[in-house]
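Have a look at the structure below before the remarks.
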Amino acid sequence: MSGLYVDLVPQTAWYDNLRALLQTDEWDAVRRAVYRRAGHRCQICGGQGEKWPVEAHERWAFDDAAGVQSLRDIEALCPACHTVTHFGLAEIRGKKQEAFSHLMRVNAWSADQARKHVDEAFATWQRRGQRRWSLDARKVFEFAELSLGSRQTIERFASAADLEREIAHAR
């Protein structure tokens, strides 16, 4: 999908992310590499935030048949675009209308188009939240050098994900 979109992680996969897996200095190295790659500009709208230019956003692909959540990229997003991707959190923080307006503006969408997209994103989130997810975050190896312990942890999770894929695709 191109453009700006709501990118909700299923509730059953919350906290299964790179920040939880990596040491603080490793996550800092990863996000700084992402920021440099993007020239410290948002990869969606080209903008920058007022307090800090960009934030790192993990993009995940979900294999619904196997129950595997795979890291496909880490993007540099301005705070406004990042807020849209986490639309549920925007609602909780009282920034729903701000996020909704930014979504419409960046994608040149009508309110109806944006509302339909948000509704579809939440329906997908609801469906995916009915199961547990195995995590494959090996893509992070492309961004920074990690400690042996972090590499082993990520490989262990990925091995379980590979097994889930094999089982699901053998059916």
Revision key, fill the gap. If one builds a Gaussian network model of the chain from Cα atoms under 10 Å apart, the most fluctuating residue listed among Ala111, Ala90, Ala161 is Ala111
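Where both residues lie in the range 31-171, what percent of DSSP beta bridges are antiparallel, nearest 5?
Details: 9 of 12 bridges.
The antiparallel fraction comes to roughly 75 percent.
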Review point. Near the amide H of Glu55, under 5 Å away, which other amide H atoms are found, from residues 5 or more places off or on another chain, if H is placed in the peptide plane?
Key: Leu77, Cys78
Revision key, fill the gap. Connecting every pair of Cα atoms under 10 Å apart in the chain and solving the GNM, the largest mean-square fluctuation among Glu26, Glu120, Glu55 falls on Glu120
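Going through the DSSP H helices of the chain, which span 15 Å or more along their own axis at the Cα atoms while scoring at least -1.0 as a mean Kyte-Doolittle hydropathy? Please list the in-between numbers first.
On the way: long enough: 24-37 (20 Å, -1.39); 96-107 (17 Å, -0.70); 111-128 (25 Å, -1.42); 148-170 (32 Å, -0.37).
TM-like helix candidates: 96-107, 148-170.
Using only alpha carbon pairs under 8 Å that are at least six residues apart, calculate the relative contact order of the chain and give it in whole percent.
Dividing the mean separation by the residue count of the chain yields 30 percent.
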**Study point:** Rounded, prolate or oblate (a/c below 1.5 giving rounded, otherwise prolate when a/b exceeds b/c) for the range 1-66 by Cα gyration tensor
**Key:** oblate
Point to revise | Reported label for calculated Cα extents along the principal axes in Å given [x] 64, 47, 32; [y] 56, 36, 29; [z] 43, 38, 26 | key: [z]
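State to the nearest 20 debye the size of the charge dipole of the chain about its Cα centre, where the only charges are +1 on K and R beta carbons and -1 on D and E beta carbons. Write out the running numbers ahead of the final one.
Working: 25 positive and 24 negative charges, 54 e Å.
The dipole magnitude comes to about 260 debye.
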Revision key, fill the gap. When the charge dipole of the chain is computed with +1 on Lys and Arg Cβ and -1 on Asp and Glu Cβ about the Cα centre, the Cα farthest towards its positive end, among Ile167, Trp14, His117, belongs to His117
Exercise for review: Report the residue, chosen from Glu75, Glu91, Glu58, that carries the largest GNM mean-square fluctuation when the chain is represented by alpha-carbon nodes joined by springs under 10 Å.
Suggested key: Glu91
Review point. In deg cm²/dmol and to the nearest 500, what is the mean residue ellipticity at 222 nm of the chain if only DSSP H runs of at least 4 residues count, each as -39500 (n - 2.57), divided by the residue total?
Key: -15000 deg cm²/dmol
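Every read-out reported here was derived from the displayed coordinates using simple, explicitly stated rules and does not represent laboratory data. Quick caveat, the model's predicted, so the values are computed rather than measured. Backbone-built Cβ (ideal geometry, glycine too); neighbour counts: all protein chains shown.
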